[in-house]
């Protein structure tokens, strides 16, 4: 993604649309923040009263005369006590306002981030496998975990401060102009300079923050890869090498951050110098006005106090224009992920499918991940319900891709795949995938209990059904031998279990799903002969009455198949039908090459 693909206006609009359910919370936070403006206007007042009406001989402000008894306004002691009490009261109200903002901001911010992360996570799951194959998991993980909080930074740390700073700036200009119009105009003269500086630095900072996030994501990729393959790393003694690789990527992130820090420091320096120049000019003119009698000393102190608060909002607005680029860069990365369209899309009015009969047909199907790498070419065959189909061929020949096309993990680039004489693309995607149970070469288990891993195929299944599925998969005995039985934790990716045990849990999951079509992708390739016999016995029960596609290298695994499909270099080289079983399975036809 090119930095700057989205304009600032587009990002703000999309962020506010995403935050719409929490607008009442944001409005409450904004109202509490707006209280800061009147409190800031009142904060210097006790000092003015003390200087002009206690130390000096000026009368108290008019609004105090109307609120206080006449005797109190003529007593310097009473006025001094009043000024001190007003100072304490303003401080107390300011602290209560700060507590309210903190609580509302924390609650609203966490809810915003959670909702945005959930939306990103859901969308990532809907993206096609081709996206995940090309991008990897780490980049998506980084965007969900570290870029999603941009909605909080922009909405609560960007929009609200921008609005409150605007109100504060308006209030400060008005009050300062009422005291001395010339000083107010001089103070505002620095505004165009601040705008120019912010615009000059804005895009530069956005590009630099994109680079920071990119290199940080690459360092995170190293960590994820090493921890996922820690056994291989240890076996080859490559810990030091991986450490160096991590340091290399992390160092790139370090220097990228340092470059951003230099740019932000230069930005802050220019803002600070500009404001200091404005303050110095106001001070010079203000002292001349006091000397000439245009202002009292208390008025000058009040103007200087307001000037500090006037430049506060100006500095905030300038900071938002420059430093907010970090958050906008994160928001841009997050929305670019949301804008990734799935390669496998569902039709507007998809066809429902309760339970398929199991007839499958490929008609001149071709598939390629990109134009330069065709995987399958002109594949045509037809399978009747209940047939067992063996798929053989060299590694990389397209066997697993063919199975992926069946489940619509990918869509063919040419041709049609039919299930019960209906194009797969016409079915509702969820209904279609409910027709398949899959057992992979490397079984995928989640870091939870054995029972929960089995019920992943059918959430809410009863304990009786879970045990029945485990027995059918020849897994019940070894499960009972574990300390906590079905509640035993399998560890990350099931690493507390042996390969054969993980495979049998995967088979139990398939039994529980009870789908009409079964895909077995080399399920016995990584187990010993004894375990293979137990798994084959379970698979024989699992395949009964189901249309089955079995991918295997060992010919012994495919002896019970009705049909053998030989895939060579992405083409269907041969279709063999076992006569003794084909009659019961139904006819098998092939188009294209025999």
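The values are calculated or read from the model by the stated rules, or taken from the named source; none is laboratory data. On a predicted model such as this, the values are computed, not experimentally measured, just so you know. Don't worry about glycine lacking a Cβ; one is built from the backbone with ideal geometry, like all the others, and counts go over all protein chains shown.
Only one of 277, 282 is under 30 Å from residue 207 (Cβ atoms), part of a helix (DSSP H, G or I) and modelled with pLDDT of 75 or more. Can you tell me which?
277
Has region 254-265 got at least one residue that is assigned to a loop (DSSP other than H, G, I, E, B), on the phi < 0 side of the Ramachandran plot and surrounded by 19 or more Cβ atoms within 10 Å (Cβ to Cβ)?
no
Among the residues in region 473-494, are any in contact with a strand residue (DSSP E or B) (Cβ under 6 Å, 6 or more places away or on another chain) and touching a residue at least 60 places away in the same chain (Cβ under 8 Å)?
Looking for residues that are in contact with a strand residue (DSSP E or B) (Cβ under 6 Å, 6 or more places away or on another chain) and touching a residue at least 60 places away in the same chain (Cβ under 8 Å), one finds none in region 473-494, hence no.
Quick check: is even one residue across region 346-357 out of contact with any helix residue (DSSP H, G or I) (no Cβ under 6 Å at 6 or more places or on another chain), crowded, with 21+ Cβ neighbours inside 10 Å and farther than 30 Å from residue 155 by Cβ?
Yes, that holds for at least one residue.
Given the criterion under 27 Å from the mean Cα position of the chain (by Cα), over 24 Å from residue 333 (Cβ atoms) and free of Cβ contacts under 8 Å to residues at least 40 places away in the same chain, identify the matching residue among 229, 261.
Step by step, each of 229, 261 is checked, and only 229 is under 27 Å from the mean Cα position of the chain (by Cα), over 24 Å from residue 333 (Cβ atoms) and free of Cβ contacts under 8 Å to residues at least 40 places away in the same chain.
Mind telling me which of the residues 51, 60 ends up being at pLDDT below 85 and assigned to a loop (DSSP other than H, G, I, E, B)?
60
Tell me the residue from 182, 238, 243, 208 that is under 25 Å from the mean Cα position of the chain (by Cα) and either crowded, with 17+ Cβ neighbours inside 10 Å or in the same structural domain as residue 147 (by TED's automatic domain parsing) (or both), please.
Of 182, 238, 243, 208, the one residue that is under 25 Å from the mean Cα position of the chain (by Cα) and either crowded, with 17+ Cβ neighbours inside 10 Å or in the same structural domain as residue 147 (by TED's automatic domain parsing) (or both) is 208.
Looking at the structure I just gave you, is residue 397 buried (at least 19 other Cβ atoms within 10 Å of the Cβ) and more than 17 Å from residue 128 (Cβ to Cβ)?
So residue 397 fits the description; yes.
Identify all residues within region 457-475 that are in a helix (DSSP H, G or I) and either in the same structural domain as residue 431 (by TED's automatic domain parsing) or buried (at least 17 other Cβ atoms within 10 Å of the Cβ) (or both); write none if there are none.
Those that are in a helix (DSSP H, G or I) and either in the same structural domain as residue 431 (by TED's automatic domain parsing) or buried (at least 17 other Cβ atoms within 10 Å of the Cβ) (or both): 457, 466, 467, 469, 470, 472.
Is it the case that some residue within region 293-303 is free of Cβ contacts under 8 Å to residues at least 60 places away in the same chain, part of a helix (DSSP H, G or I) and crowded, with 19+ Cβ neighbours inside 10 Å?
Looking for residues that are free of Cβ contacts under 8 Å to residues at least 60 places away in the same chain, part of a helix (DSSP H, G or I) and crowded, with 19+ Cβ neighbours inside 10 Å, one finds at least one in region 293-303, hence yes.
Does residue 164 count as within 30 Å of residue 370 (Cα to Cα), outside the structural domain of residue 412 (by TED's automatic domain parsing), touching a helix residue (DSSP H, G or I) at 6+ places or on another chain (Cβ under 6 Å) and at pLDDT below 85?
No.
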